[in-house]
Amino acid sequence: MLENVLWACAFVLAGIGLYRFGLPALKRFDEKNVARIAQQERDKADANAHFRHALEVAGEQVEPVEEIIVPDTRTGQKVTHYLFEAEVFASRDEAEQMRASRVAVVARRFYQELPAALAAPSSATEPRGNLSARERAAQKWRRTIH
């Protein structure tokens, strides 16, 4: 019994040592977590933070721009193009501009559907919990197909 306790203590101390003195991934995770908490504190005082949050969520739902290398039809040389939603673009700027407009469409749709989502009665099977009305509406919105 005492041996199990000693092994558990050794395991916990080894984990604390790795966290404190090693593993850059854990340090990055901790830094992101601290930054996220600081951003949440700043958002409490910012009346427009929900717009940024809606754009971030929409950005997560839209696929990223992919870089593809294809041979040129005239010269046979390899050329870099950019792919977004099955459309090929010659420059990254064009593809990113198209992606940004798609993110704006998804975010705008969220705000268009928000009043209906907030007005809809919640079913008895879905407990409200500690979520705000905006968070509940965002969850309902994510469940729909976009």
Being surrounded by fewer than 14 Cβ atoms within 10 Å (Cβ to Cβ) and not polar (S, T, N, Q) is the filter here, so list the residues in the range 80-99 that pass it. GLU85, ALA86, GLU87, VAL88, ALA90, ASP93
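Here's the yes/no breakdown for (1) of a type in the set (Phe, Trp, Tyr); (2) modelled with pLDDT under 85; (3) not in a loop (DSSP other than H, G, I, E, B):
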{"position": "ALA10", "(1), (2), (3)": "no, no, yes"}
{"position": "LEU13", "(1), (2), (3)": "no, no, yes"}
{"position": "TYR19", "(1), (2), (3)": "yes, yes, yes"}
{"position": "ALA25", "(1), (2), (3)": "no, yes, yes"}
{"position": "ALA35", "(1), (2), (3)": "no, no, yes"}
{"position": "ALA38", "(1), (2), (3)": "no, no, yes"}
{"position": "ASP43", "(1), (2), (3)": "no, no, yes"}
{"position": "ALA47", "(1), (2), (3)": "no, no, no"}
{"position": "HIS50", "(1), (2), (3)": "no, no, yes"}
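Condition check ((1) in contact with an Asp or Glu (Cβ under 8 Å, 6 or more places away or on another chain); (2) not acidic (Asp, Glu)) across all residues:
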position	(1), (2)
LEU55	no, yes
GLU60	no, no
PRO71	no, yes
LEU83	yes, yes
VAL88	no, yes
Please state which one of VAL57, VAL62 is assigned by TED's automatic domain parsing to the domain that holds ALA138, surrounded by 13 or more Cβ atoms within 10 Å (Cβ to Cβ), in contact (Cβ under 8 Å) with a residue 60 or more places away in the chain and within 21 Å of the chain's Cα centre (by Cα). VAL57
Go over the candidates GLU67, GLU113, GLU96 one by one and state the one that is modelled with pLDDT of 90 or more, outside any loop (DSSP other than H, G, I, E, B) and under 25 Å from ASN48 (Cα atoms). GLU96
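The values are calculated or read from the model by the stated rules, or taken from the named source; none is laboratory data. The structure displayed is predicted, hence computed values, not measured ones. Here Cβ is always computed from backbone atoms with ideal geometry, including for glycine, and neighbour counts include all displayed protein chains.
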